[in-house]
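The values are calculated or read from the model by the stated rules, or taken from the named source; none is laboratory data. Treat the numbers as computed from the prediction; the structure is a model and nothing was measured. As a convention, Cβ positions derive from the backbone with ideal geometry for all residues, glycine included, and neighbour counts pool all protein chains shown. Just the protein is used for accessible areas: all its heavy atoms, side chains included, with ligands, DNA and RNA removed. Shrake-Rupley method; radii C 1.70, N 1.55, O 1.52, S 1.80 Å.
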Amino acid sequence: MNHHRMSVKGYHREKRNVMNNYYRTASNQPSVISFARGDVTGDRVPDNVYLTGVKTSASPFIQNITLHIQDGKTGNIQSVPLRENAGYNPTIFLGDFTGNGVDDIFISIATGGSGGIMYHYIYSFVGNTVRLLFDANVYNEQYQYEVTYQDNYKVKVVSKINNKKYIIDISARDADYLNEIYEQNGRLKSPITGFVNPLSGLYPVDFDSNGVYELLAYQKVAGRYNADSLGYVLNTLGWSDNRFVLQNQYVAVFGY
């Protein structure tokens, strides 16, 4: 495999060649916005993997974000439109998420919203066949939660997918906040429900150091409104039986 390895100069040369091929003088034409290089087809020859998009003048907002894979052996290019194809700072990470020894394609796009929501996709391209392994929208539909304020300055978080319950102690919050919600004896003045945001971060982490990446997912727990942060749900996912499954779940709270 060593003869397929590329020097840093070679990597930047390939990146420059790809970007030059997409260079346009018109502002409404696509340009390369993220580039990575690695074997995603499984033939042990490095491939060029990149995102193109249409930049907005005087803004970091990018539209029509599209994935492209150029086969390192044949030079053929395959393009893949993304379901959510507009946002900020699109990035590519290549790594093995399934354990087959071949890099998969991990894409992240920031929505730019106040909740810090992110779009994430993971694609496999073994044998030049595109396969979607992870879609943030599907994840957000599967992972549902209930957030309910309780008496005595507590908030209960219920994760429906695994029927786990967590209690967040909010007794150290400032007095004005608590007095709006609770009577002097600690009883709720009226029922209050919070919510858990969609994915705000998804990170590849090789927890067991076996060369195969797991996923660490962040979702913010909010109280009465989005800026009323109570903590985060942290889910770790691993590839098993042809899909990503929940391995561990934690609720992380802010210190006082």
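Points to keep in mind about this one:
- Whole-Hz couplings from phi, Karplus 6.51/-1.76/1.60, listed for segment 122-130; x for Gly and Pro: 10, 10, 9, 9, 4, x, 6, 10, 6
- For Val251, residues with placed amide H under 5 Å, excluding near neighbours: Leu234
- Highest to lowest packing among 74-81, 122-129, scored as the average C-beta count within 10 Å: 122-129, 74-81
- Counting 0.36 nm for each residue step from Ser240 to Gln184 and taking away their Cα separation leaves a gain of 15.2 nm.
- Rounded to whole Hz, the Karplus (6.51, -1.76, 1.60) HN-Hα couplings of segment 209-225, x for glycine and proline: 6, 10, x, 10, 7, 9, 10, 10, 9, 10, 9, 6, 8, 10, x, 6, 7
- For the chain, the 222 nm mean residue ellipticity estimated from helices alone, with every DSSP H stretch of n ≥ 4 adding -39500 (n - 2.57) and the total spread over all residues, rounds to -3000 deg cm²/dmol.
- Helix 8-21 vs. the chain, principal-axis angle (Cα, 0 to 90°, nearest 10): 90 degrees
- Percent carbon-and-sulfur accessible area, segment 145-200, ignoring ligands, DNA and RNA, probe 1.4 Å: 44 percent
- Counted residue by residue at 0.36 nm each, then reduced by the alpha carbon distance between them, the extension gain from Leu132 to Arg83 reaches 16.5 nm.
- Gyration tensor (alpha-carbon) shape descriptor, segment 48-135, a/c threshold 1.5: oblate
- Set of aspartates and glutamates near Lys73 by C-alpha distance (under 17 Å), chain-local residues within fewer than 8 positions excluded: Glu14, Asp39, Asp43, Asp47, Asp103
- Backbone phi angles across segment 102-108, fed through the Karplus curve with coefficients 6.51, -1.76 and 1.60 (θ = phi - 60°), yield HN-Hα couplings of 10, 5, 9, 10, 9, 10, 10 Hz in residue order; Gly and Pro are listed as x.
- Simple label model, 7 Å out from Cα along Cβ direction - Lys165 to Arg44, nm: 5.6 nm
- Solvent-accessible surface of segment 114-256, taken per residue with a 1.4 Å probe and all protein chains present: 52 Å².
- Prolate/oblate/rounded label for segment 125-256 (Cα gyration tensor, a/c 1.5): prolate
- The H on the amide N of Leu82, modeled in the peptide plane, is under 5 Å from the matching H of Leu67, each at least 5 residues off or on a different chain.
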